[in-house]
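Structure first, then comments.
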Amino acid sequence: MNTSSPKGDTKRPILELVVNASQGEVWRAVSTAEALREWFGYDYDDRHGGRPERPAAGLDDEVRAFVEDSTLFPPGRIVFDDDTELTLTADGPRTIVRLVVPEVADATWEELYEGVAEGWRFYLEQLRFWLEAAPEGARRTVYLAGEATGPEVIALVGPGTPWYEASVVTRDGWLVSVGADPNAVEPAQVNVIVSTYGLDDTAFAAVREGWATRWRTAVKNPEVITVERTTS
């Protein structure tokens, strides 16, 4: 973890959302490994890491790097090693969270940062769920990827309570984050993160197998990623 004084650079926010939690609560959630583990990313280990989309050896290593390789300016700014920033602005009892990126010459913002913004949108929706819905117990995830149309993914996710822009909450209270254009009729790369909380090994195995079975029978080139985390 590094700390120093902020400097002024030309940067642009590419993602913004409001969290119904105080700046102090959000700061703890984004700056401590213990809290990050409950909302950031998804579970994977060295079997799935070492790729461009998952360069770390696993989520625990990614969370550790998130904190140790960043410069923290409590309670409102984190600067990552690629000069991307996460800023937190108090708005009464709420907090405005923004992802800010550096200006780049000879390139459009969309070319460089569309994928970055999409990934962070997933994660910040998970942050907002953890702080606002306050689910009990440790988080365990199922990550699903493959090729499908938007309507196929929506049908697979099934009914639930909409959670802001692109997520739903299931009847069991799990957050399902959907990375797919719901109107896309041509198959494309899609992904889904299912965040569960407070499940023992048996209950989580049932959730994992249910999602995996449906996913593998409905999408092309399916990938299902979970990590065994024995509960006490």
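The values are calculated or read from the model by the stated rules, or taken from the named source; none is laboratory data. If you're wondering where the values come from, they're calculated on a predicted model, not measured in any experiment. Using ideal geometry, Cβ is built from the backbone for each residue, glycine included, and neighbour counts are taken over all protein chains shown. Note: accessible area is taken over every heavy atom of the protein model, side chains too, but ligands, DNA and RNA are not part of it. Shrake-Rupley method; radii C 1.70, N 1.55, O 1.52, S 1.80 Å.
With all protein chains in place and a 1.4 Å probe, the accessible surface of the chain carries 50 percent carbon and sulfur. Packing, taken as the mean count of other beta carbons within 10 Å per residue, orders the peptides 209-217, 142-150 from highest to lowest as 142-150, 209-217. Farthest towards the positive end of the charge dipole of the chain, among the residues GLY24, LEU86, VAL97, is the Cα of GLY24, using unit charges on the Cβ of Lys, Arg, Asp and Glu.
Across every direction, the projection of the convex hull enclosing the Cα atoms of the chain has a mean area of 13.5 nm².
Taking the longest Cα principal axis of the chain as reference, the axis of helix 109-133 is set at about 80 degrees.
Any idea what angle helix 59-68 forms with the longest principal axis of the chain, computed on alpha-carbon atoms, 0 to 90 degrees, nearest 10? Relative to the chain, helix 59-68 is tipped by roughly 10 degrees.
Listed peptides 153-165, 21-33 appear in the order 21-33, 153-165 once ranked by packing, highest mean of other Cβ atoms within 10 Å at the front. The residues of the chain present an accessible area of 50 Å² per residue when probed at 1.4 Å with all protein chains retained.
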